[in-house]
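So the structure is just underneath, and the comments pick up after that.
Nothing in this text is a laboratory measurement; each read-out follows from the coordinates by a stated rule. Note that the coordinates shown come from a computational prediction; the quantities given were computed from them, not determined experimentally. Glycine gets a Cβ as well: all are built from the backbone with ideal geometry, and neighbour counts include every protein chain shown.
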Amino acid sequence: MSSNATLILTAAVAIGCAVYLLLERSLARVLIGLVLLGNGVNILFLVASGPAGRAPILGAGTGRMSDPLPQALVLTAIVIGLGTTAFLLAMAYRSWQLTGHDDVQDDVEDAAIRRLAAEDEASDSFDLAHDVPGGDLPEEEGRAT
Amino acid sequence: MTALVPLPVVLPLFGAGVTLVLARRPRVQHVVSTLVLVAVLVVAATLVVQVDRSGPEVLWIGGWPEPLGIALVADRLSALLLLVSVVVSLAVLVFSIGQGMTGDDSDAPLTTYHPTFLVLVAGVANAFLAGDLFNLFVSFEILLFASYVLLTLGGTRSRIRAGSIYVVVNMLSSSLFLVGLAAVYAATGSLNLAQLSGRLAQLPGSVALLLQLLLLTVFAIKAAVFPLSFWLPDSYPTAPAPVAAVFAGLLTKVGVYAIIRTQTLLFPDSPLSGLVLWAALLTMVVGILGAVAQSDIKRLLSFTLVSHIGYMVFGIGLATVAGYTGAIFYVVHHITIQTALFLVLGLVEHRAGSTSVIRLGGLARLVPVLGVLFFVPAMNLAGIPPMSGFLGKVGLIEAGLRVGSPLAIVLVVASVATSLLTLYALAKAWNLAFWRTPAEAHETARELSVHQPQLQPAGPRDHVQVRGSVLPSRDLEEARRVISDEESDVDLQQLIEMDALPRRLPATMVGATAGLIGVSLALTVLAGPLFGYAHRAAVDLLDHRQYVTAVLRGGSR
């Protein structure tokens, strides 16, 4: 079976970019990543449907028909993708309303571990610079953050 | 009788539409959704009897010529799981009617709850009845979409936090599912399960292995099998009690069902059963160790949920009739018992304001009925004889011993250890929450909170120094906020003093919970016939000629 190299490359680039974006912390970027991922996977589905042909309508010409089933499946996937994208967008907006940013927050265990570490309860790897407004911090690092 | 097959999907969807229209009349909404679920219950029970007597029921939707349309198939396994899931959903629905689902910050009932719940039930039913992989994908999307909405009900801070992780993980797994579907279609030219079972066997081994790995990964995310279980214990506890209950009962089990179906029908001589057994082992052990470390009973139960998925995967990995029999029985047992426990926690939360063992104490005196309601399913989950949890575990252990390979023996040992650790974790929660006096709990909570930092304004402390590098203290601030948002600041003793607790539990909530616990006890009494049924279902699964001929009557392979 011969495949269309353009489609494969497009799918690969889209999915690659999507993975990069998914590793970000901001929900808006994750969302763009998921949209790219969905489109990449849909293109992959078209690759799976085999070589292109004429429109799959009986009596509309001669020659090879393209397989209509994957196109129907991709249409379904696009509709579902639209719905989830809208939902995630609403959620990112709600997160921005509540916290002032749309970063994905730590889960409870992570937060507990980070707090314990910071409070020196379980680990001595954290050291709080108490009540010093950047006083004993290295100047440039203090500014940088 | 084939006309019955689509009803479990169609009726809830119809009900969802009606309840959405009736959004302004909550009482009518309650009646409609209860009636719909009762009707589906009757249909599912009829299907179980019918399918057991005369073989799988198949319906090709839309009147297309045979291998083209969408097939709905009810065989023994799917009919049984359908029945159990409808029973559980009905109990949860009645419970939530008693609770009066409200957002956290307002008293207005959420009008979207009932339609979304019914859509969830439709999605679960469709997943059990799906006869082709794409229909399975669509039903996953239906139930996931409903679950996104239910998980973030009210849009509070903690639910949005947990929800964003849940949604992203599930969208990712759905994309992976689509990749798997594309690969399967490219390799075989079909997505119908019955057709695939013939065609996949003719593929070269490496291609089939790739397809199997793709599908297994997707379903393992849904079923929360270690190492893909990380999302579950974080997202479920933040949801409202009835939602967490129905998720814990049904959503992961749909993933387990999909694993069972594809492993038996599509990849019968799987080279991966060793891998599946390792996954089962790690799921059990890691899950229960997580549970032991928890102080909130809801989180504890979420970890036991992950851990006990391992038992079902254990049965699947054995790939024998006895293994599948045990796994099917365990799925049925676990759906009822895990949901019942989450409902009990909903009662605890309603009556005592918290589910954290640090803040609870003396519930046995305060609300004796809660003690009984918690104790029975907890012991059942831990596997105390003669209850159904014990019988399910014995079935699996026997199957493991009969296989007798070293890995199977290791798993038998691990499953006994997991059972004991479950008992330990639940007994600890039982002792702390039910048998201390509230005053003792208050003392401990106060002692613990001495070490807890007070929230300070971010003003002077803009940065935190960590071994030379500097972090913005916003990070630390946020860590505190995540934690303080999860737990309330008052414990039970203070609530009693403030007289801020509801005097009584609504009878509907208690009734629904007690009813579900009754069902789980009935499973113990009916264990003989149920094991017989599970055995017949397992035989059907391993010898799938009956399934294939029932679906493809025209012989179009």
- Task: Could I get the Rg over Rh figure for the protein assembly as shown? Both from C-alpha atoms, Rh via Kirkwood, rounded to two places.
- Result: 0.98
- Query: Semi-axes of the equivalent ellipsoid of chain B: what are they in whole Å, largest first, if each equals the square root of 5 times a C-alpha gyration tensor eigenvalue?
  - Reply: 39, 26, 24
- Message: Placing +1 on the Cβ of each Lys and Arg and -1 on the Cβ of each Asp and Glu in the protein assembly as shown, which of B:Ser405, B:Val40, B:Val5 has its Cα farthest towards the positive end of the resulting dipole?
- Response: B:Val5
- Which cross-chain or sequence-distant (5 or more) residues have an amide H under 5 Å from the amide H of B:Ile70, H modelled 1.01 Å from N in plane? B:Ile61
- Project the alpha carbons of segment B:324-449 onto their principal axes and report the range along each, largest first, in whole Å. 52, 27, 20
- Would you mind giving the mean number of other chain beta-carbons within 10 Å of the Cβ of each residue in B:146-155, as a whole number? 2
- Message: Check which residues have an amide H placed less than 5 Å from B:Leu22's amide H, if you skip close sequence neighbours.
- Response: none
- Query: How large is ³J(HN,Hα) for each residue in segment A:80-89, as worked out from phi by the Karplus curve 6.51 cos²θ - 1.76 cosθ + 1.60 (θ = phi - 60°), to whole Hz, x for Gly and Pro?
  - Reply: 4, x, 4, x, 5, 4, 4, 5, 5, 4
- Item | 3J(HN,Hα) from dihedral phi, segment B:59-75, Karplus parametrisation 6.51/-1.76/1.60, rounded to Hz, x for glycine, proline | 10, 8, 7, x, x, 6, x, 3, x, 8, x, 9, 9, 10, 10, 10, 10
- Do the sum for the protein assembly as shown: with -39,500 (n - 2.57) for every DSSP H run of n ≥ 4, divided by all residues, what is the mean residue ellipticity at 222 nm, to the nearest 500 deg cm²/dmol? -23000 deg cm²/dmol
- Note on the structure: Gyration tensor (Cα only) of segment B:152-262 to equivalent ellipsoid, semi-axes in Å sorted down, yields 33, 13, 11
- Note on the structure: So the angle from the long Cα axis of helix B:7-21 to the longest Cα principal axis of chain B, reported in degrees to the nearest 10, equals 40 degrees
- Message: Just to be sure I understand: if I project the alpha-carbon convex hull of segment A:1-64 onto a plane and average over all orientations, what area do I get in nm²?
- Response: 5.3 nm²
- Item | Backbone HN-Hα couplings from phi across segment A:98-112 [Karplus 6.51/-1.76/1.60, Hz, Gly and Pro as x] | 7, 10, x, 8, 10, 5, 5, 8, 4, 7, 4, 5, 4, 4, 5
- Binned at 5 Å from 0, what are the whole-percent values of the Cα-Cα distance distribution for segment B:34-137, short to long? 2, 12, 18, 19, 17, 13, 8, 6, 4, 2, 0
- Message: Can you compute the modelled spin-label distance between A:Ala72 and B:Thr217, with each label point 7 Å from Cα toward Cβ, in nm?
- Response: 2.9 nm
- Folded to 0 to 90 degrees: helix B:205-223 orientation relative to chain B principal axis, Cα: 30 degrees
- Rh_Kirkwood(segment B:280-322) over Cα pairs, Å, one decimal, evaluates to 10.5 Å
- To the nearest 0.05, how large is the calculated FRET efficiency for B:Ala3 and B:Arg53 if R₀ is 25 Å and r is the Cβ-Cβ distance? 0.90
- Message: On C-alpha positions alone, give me the angle between the axis of helix B:473-486 and the longest principal axis of chain B, in degrees, nearest 10.
- Response: 80 degrees
- Query: Taking the Cα centre of chain B as origin and charging only Cβ (+1 Lys, Arg; -1 Asp, Glu), how large is the dipole, in debye to the nearest 20?
  - Reply: 560 debye
- Using a ≥ b ≥ c from the Cα gyration tensor of segment B:133-183 (square roots of the eigenvalues), is it rounded, prolate or oblate, where a/c under 1.5 gives rounded and otherwise the larger of a/b and b/c decides, a/b for prolate? oblate
- Task: Show the residues, 5+ positions off or on another chain, whose built amide H is closer than 5 Å to the amide H of B:Phe226.
- Result: B:Thr283
- Item | segment B:1-93: trypsin sites (Lys or Arg not before Pro) in DSSP coil with no more than 13 other Cβ atoms inside 10 Å | B:Arg24
- Between B:Glu398 and B:Ala427, Cβ-based FRET efficiency (R0 41 Å, step 0.05) works out to 0.95
- Note on the structure: The size of the Cβ-based charge dipole (Lys, Arg +1; Asp, Glu -1) of segment B:179-313 about the Cα centre, to the nearest 20 debye, is 160 debye
- Item | Added length on full extension, which subtracts the Cα-Cα distance from 0.36 nm per residue, A:Val79 to A:Asp110 | 7.6 nm
- Message: Quick check: from the Cα gyration tensor, does segment B:70-201 come out rounded (a/c under 1.5), prolate or oblate?
- Response: oblate
- Query: Shielding of A:38-49 by partners, i.e. mean partner chain Cβ atoms within 10 Å per residue?
  - Reply: 4
- Query: To the nearest 20 debye, what is the magnitude of the charge dipole of segment B:130-242 about its Cα centre, counting +1 on the Cβ of each Lys and Arg and -1 on the Cβ of each Asp and Glu?
  - Reply: 220 debye
